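Right, one structure below, let's go through it.
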Amino acid sequence: MTLVKFANGQKNHAVNPFFSDVFDSILNDSFLGDKLATRVPAVNISETESQFHIELAVPGLKKEDFKINLDKNILAVSADKKVENVEEGKKFSKREYSYNSFTRSFTLPEVADAAKIEAEYADGILKLNVAKKEEAKIQTREITVK
């Protein structure tokens, strides 16, 4: 099935309406948009009493594809994946391959404990847990009124 977009007269092109519609369809085509867009994974960042949680949506990768580095207070997450479809014994007039890479950097706050960072990859989600320093953890207590 092919999706065909119709303007239904909503655009008013005085010179040549066909010319504009052709460029609109080419420039808004999802195939070109997907190939030209820079792929940066979506990130969720949350905080609990004792940790910061960073989750990156990176499906299709293996845990070996990731590099996680800490330089001073900058936590950098990057990945490189190269895929080649090669069949031996055939002459190819066309071979397809893809190369995906990204880098995301996060500035850790002063309360983060750089020695206690853990990473886990499961079901297309890379989870990073950054512990807080003991003095930064929220301590609750009841205060009496005098």
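How much accessible surface area, in Å² rounded to 10, belongs to the heavy atoms of D80 with a 1.4 Å probe?
80
So which of K62/K116; K62/K82; K62/K91; K62/K127; K72/K133 end up more than 19 Å apart by C-alpha?
Too far apart for the 19 Å limit: K62/K116; K62/K91.
Taking 0.36 nm per residue of separation and subtracting the Cα-Cα distance, what length does fully extending I125 through S105 add?
Computed gain between I125 and S105 is 5.5 nm.
The values are calculated or read from the model by the stated rules, or taken from the named source; none is laboratory data. These numbers come from a predicted model, not from an experiment. Note: accessible area is taken over every heavy atom of the protein model, side chains too, but ligands, DNA and RNA are not part of it. Shrake-Rupley method; radii C 1.70, N 1.55, O 1.52, S 1.80 Å.
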